[in-house]
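Heads up, the thing below is written out as structure tokens.
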Amino acid sequence: QAQLAESGGGLVQPGGSLRLSCAASGIRFSSYTMGWYRQASGKQRELVATITNNYITNYSDSVKCRFTIPRDNGKNMGYLHMNSLQPEDTAVYYCKVSGSILNWWGQGTQVTVSS
């Protein structure tokens, strides 16, 4: 049974950093693209960043140069390293693993940026 579990969210002050983790199980993780998405209260879910199985990355303009999306296929883990966090980064962050046909989502982890 495929599962994704995010962790690492929390409360951070503006300008701070957080590291999110996504643990994949029951999935051939190394074969798929992994992505992070976020959904702020009252807004639609949006793409944050993706990394393909060939380590090609893509970032939304709003996080470029502040966030990175490494992955460790040997551990079936994906990460989102977030720096210079701002209040507008406050949202529930979701991990997604996607193939040509199937997609899997995690349950989300809350990130709150506030002083």
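The values are calculated or read from the model by the stated rules, or taken from the named source; none is laboratory data. A quick note: this is a predicted structure, and the numbers were derived from the prediction, not measured. FYI the Cβ positions are ideal-geometry reconstructions off the backbone, even for glycines, and counts take in every protein chain you see. The protein model used for the area step is the full one, side chains on, heavy atoms only, and it has no ligands, DNA or RNA in it. Shrake-Rupley method; radii C 1.70, N 1.55, O 1.52, S 1.80 Å.
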- Task: May I ask you to rank Arg45, Arg71, Arg28 by accessible area, largest first, using a 1.4 Å probe over the protein chains only?
- Result: Arg28, Arg45, Arg71
- Query: Which percent, nearest 5, of DSSP beta bridges in the range 1-112 are antiparallel?
  - Reply: 95
- What whole-number value in Å² describes the accessible area per residue of the chain for a 1.4 Å probe? 53
- When the distances between all Cα atoms of the range 1-106 are binned every 10 Å from zero, what whole-number percent does each bin get? 15, 51, 29, 5
- Message: Connecting C-alpha atoms closer than 10 Å in a GNM of the chain, tell me which of Gly35, Gly15, Gly78 has the biggest fluctuation.
- Response: Gly15
- Item | Cysteines not pairable in the chain (beta carbon separation under 4.7 Å absent) | Cys65
- Message: At 1.4 Å probe size, with the rest of the protein present, what percent of the exposed accessible area of the range 54-115 is carbon and sulfur atoms?
- Response: 50
